[in-house]
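Below is one structure; the comments refer to it alone.
The values are calculated or read from the model by the stated rules, or taken from the named source; none is laboratory data. It should be emphasised that the depicted structure is a prediction, and the values quoted were computed from it without experimental measurement. Counting neighbours? That spans all protein chains shown, and the Cβs are built from the backbone with ideal geometry, glycine included. Only protein heavy atoms, including side chains, enter the accessible area calculation; ligands, DNA and RNA are left aside. Shrake-Rupley method; radii C 1.70, N 1.55, O 1.52, S 1.80 Å.
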Amino acid sequence: MLVLNANTQRETGRSAQLGNISAAEAVAGIVRSTLGPRSMLKMLLDPMGGIVLTNDSNSILREVDVSHPAAKQMIELSRAQDEEVGDGTTSVIILTGEMLKSAIPLLERHLHPTVIVRGYSIALDVALEACAKIAKPISLDDKAAMLQLVQSCIGTKFSSRWGDLVISMALEATLRVTRDLGEPAPSEAAAGDDAAAPVAASLLSSSSKQSKEVDIKRYAKVEKIPGGEPSESRVLNGVMFNKDVTHPRMRRRIVRPRVLLLDCPLEYKKGDSATNVAIEKEEDWNKLLRIEEEYIENVCAQIVASRPDVVITEKGVSDLAQHYLMKANITAFRRLRKTDNNRVARAVGATIVSRTDEIQESDIGTGCGLFEVRKLGDEYFAFLEECDAPKACTILLRGASKDVLNEVERNLQDAMQVVRNVVLEPRLLPGGGATEMAVAAALENHVAGNTAALGVHQWPVRAVASAMEVIPRILAQNCGAKVVRVLTQLRAKHLGDSNDHTWGIDGTSGALLDMADVTRGIWEPFAVKVQTVKTAIEASSLILRIDDIVSGIKKSKK
């Protein structure tokens, strides 16, 4: 009996599972050579004919067009990992592919997928426990340790040849936008009621005393300007945006400016719907014009009353408003993006005002030390620098070409995510495959001590243990080391009684290296490693539980 449409394709049972595993392995094979400091670059052609040169897995897989549903799921993993912790995108794809590959012998022995998934779940609990045991704390005040940590992320990237410049910029930018949620924003502090302050303080201290906010997407903007030397790149002690003053006679340099931010137009409001006005006398036309002028004059008078030096609005500024503001010696900018306006507000301590008749003294930003309009290349940029306590910043990147700047920006974003992860979770795990080998050793020891209790679940746990060794194996492969010999030595270090869980592989030379070494050791954020293990095991469990793939286009009814 025919139930499904004749055009529908269906895969079930073992063939569907093996097809999914093959697709996942194929995706992992694409990024396998991009792991470690000896990684290779990939050249990708996008649909518009542009070229992308990168070794960032998320960027590579974003450009790859795949048709298999399991391959699409793998690419989604990379994006999720990038959004969650910003690093470890290559590791999570390789690890997931290897976990699925390790499940093939178990499926061939007719082990049910749910049994394998249960074993993987046990392995995840043991792995997380092992990670927590070998983690070491880090102080955010230890500048040398933080620089070395970011170096472990940047060392595998294209911008590693820029030396410590990108590392120091990432560290400085991320720490600058870090804000304790226990402390209010400058505008909130100024506008708060004195009577309510003790109550608010007690609530904050009890609930969110230790929590921090590190929003690098919104408050750490990267400005890429081709030209100049890479050494001219820096993190501004404030913000900049790509705008020139609205009137040529307005001031272009002000020391200690008072900044007013608006979210309303400084021009006469046009009617939302079409309006017809019948004018019978010439005086009525002049009266209409006068009403418009009086409105603009009134709006500008309200602005001038608050004595600002710089006015920035997200909407338009009419010619008449420019004239009045210029007469009052006020510099104006128009049509600034909302995101840029929010950054300026955080940097100078101002509050964005929606109506000119509601401007208060506390809304004016006074935290900026220097305002200046400068020309970089062919365009004008407004700089608000030397701020007292900016909680937002702009990272100015200079370089030879757009392609180089785009790759450096991707690397910088990864480095900032690393610092962000450490600020939110100040613990580290050893890199160079040491954590993966330590987890593999912990899983082997767990199976050896609980063979009877685990029963048939011991085989999936052992499969996870062998899959974990893929990271040090590929590190050794990518730098041309003798893989079998090096892995055997590393396995002996971790399975011995000496508790050498910090031993890993030096990704540059391929030799064994103790990651606890002060000068050469590599440490990675706890959050990145744990998220990688969690995502890999959970994703492989999800794909293993698929036993039916139905593909067919259902025609829409007209």
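Ranking Ser401, Val423, Ile364 by how far each Cα lies toward the positive end of the dipole of the stretch 331-426 (charges on Cβ) leaves Ser401 at the top.
Rounded to the nearest Hz, the phi-derived 3J(HN,Hα) couplings of the stretch 426-438 under the Karplus curve 6.51 cos²θ - 1.76 cosθ + 1.60 (θ = phi - 60°) are x, 9, 10, 10, x, x, x, x, 5, 5, 4, 5, 5, where x marks glycine and proline. Ordering Met169, Met326, Met48 by accessible surface, largest first, gives Met48, Met326, Met169; the 1.4 Å probe counts only protein heavy atoms, with every chain in place.
Amide H to amide H, with H built 1.01 Å from N, Asn237 comes under 5 Å of Glu386, counting only residues 5 or more places away or on other chains. Against the empirical 2.2 N^0.38 Å (N residues), the stretch 424-558 has a Cα radius of gyration ratio of 1.34. Dipole of the chain computed with +1 at Lys/Arg Cβ and -1 at Asp/Glu Cβ about the Cα centre; of Ala130, Leu412, Leu512, farthest Cα towards the positive end is Leu512. Ordered by 1.4 Å accessible area with all protein chains kept, Ile359, Ile330 run largest first as Ile359, Ile330.
Axis angle, to the nearest 10 degrees, between helix 458-468 and the longest C-alpha principal axis of the chain: 60 degrees.
What accessible area per residue comes out for the stretch 228-326, rounded to a whole number of Å², with a 1.4 Å probe? Don't skip to the answer; put the middle values down first.
Details: 5870 Å² over 99 residues.
Ligands and nucleic acids excluded, the figure is 59 Å² per residue.
Database remark: amide H of Gly431 closer than 5 angstrom to the amide H of Ile522, Trp523, Glu524 (H placed geometrically; neighbours at sequence offset of 5 or more, or on other chains; Pro and chain starts carry no H). Remark: the stretch 230-319 carries a charge dipole of roughly 800 debye about the Cα centre, counting +1 on each Lys and Arg Cβ and -1 on each Asp and Glu Cβ.
Kirkwood Rh over alpha-carbon pairs of the stretch 1-88, then Stokes-Einstein at 37 °C and 0.692 mPa s: what D in µm² s⁻¹, rounded to an integer?
Details: Rh = 15.1 Å.
Roughly 218 µm²/s, to the nearest whole number.
Sorting Ser540, Ser168, Ser39 by accessible area puts them as Ser168, Ser39, Ser540; the probe is 1.4 Å, largest comes first, and only protein heavy atoms count. Looking at the stretch 217-280, the GluC sites (Glu not before Pro) that sit in a DSSP loop and have at most 11 other Cβ atoms within 10 Å of their own Cβ are Glu280.
To the nearest µm²/s, what D does Stokes-Einstein give for the stretch 233-288 at 37 °C and 0.692 mPa s, using the Kirkwood radius over alpha carbon pairs as Rh?
Translational diffusion coefficient: 193 µm²/s.
Val64 exposes around 40 Å² of accessible area when a 1.4 Å probe is run over every protein chain in place.
About its Cα centre, what dipole magnitude does the stretch 361-469 give when the only charges are +1 on Lys and Arg Cβ and -1 on Asp and Glu Cβ, stated in debye to the nearest 20? Display every interim value, and only then the final one.
Values: 9 positive and 16 negative charges, 98 e Å.
The dipole magnitude comes to about 480 debye.
Angle of helix 402-424 to the longest C-alpha principal axis of the chain, folded into 0 to 90 degrees and rounded to 10: 80°. Counting only residues at least eight positions apart within a chain, or on another chain, the aspartates and glutamates with an alpha carbon under 20 Å from that of Lys243 are Glu223, Asp263, Glu267, Asp309, Glu314, Asp319, Asp340, Glu372, Asp378, Glu379, Glu385, Glu386. Rolled with a 1.4 Å probe across the full set of protein chains, the surface gives Asp65 an accessible area near 150 Å².
Please report, as a whole percent, how much of the solvent-accessible surface of the chain comes from carbon and sulfur atoms (probe radius 1.4 Å).
51 percent
If you model the stretch 297-379 as an ellipsoid using its alpha carbon gyration tensor, with each semi-axis the square root of five times an eigenvalue, the axes come out at 20, 17, 13 Å, biggest first. Using the 1.4 Å probe convention, the accessible area of the stretch 51-153 works out to 43 Å² per residue with neighbouring protein chains retained. Remark: C-alpha extents of the chain on the principal axes read 97, 69, 54 Å, sorted largest to smallest. When the Debye formula is applied to the Cα atoms of the stretch 358-492, each taken as the same point scatterer, what base-10 log of I(q)/I(0) results at q = 0.08, 0.16 Å⁻¹? After summing over all Cα pairs, the log10 values are -0.51, -1.05.
With Cα atoms as the point set, the radius of gyration and Dmax of the stretch 458-519 evaluate to 12.2, 40 Å.
Starting from the alpha-carbon convex hull of the stretch 414-492, give the projected area averaged over all orientations, in nm².
7.1 nm²
Working from the pairwise distances between different alpha carbons, so that the mean of 1/r is found and then inverted, what is the stretch 271-412's Kirkwood radius in Å?
Details: mean 1/r = 0.0547 Å⁻¹.
Computed over the stretch 271-412, the radius equals 18.3 Å.
Each Lys and Arg adds +1 at its Cβ and each Asp and Glu adds -1 at its Cβ; summed about the Cα centre, the stretch 415-558 shows a dipole of about 900 debye. Panel values: the stretch 38-124, Kirkwood radius from alpha carbon pairs, Stokes-Einstein at 10 °C and 1.306 mPa s, translational diffusion coefficient 106 µm²/s. Using a probe of 1.4 Å, the accessible surface attributed to Leu325 totals some 0 Å² when neighbouring protein chains are kept in position. Solvent-accessible surface of the stretch 437-532, averaged per residue with a 1.4 angstrom probe and all protein chains in place: 43 square angstrom.
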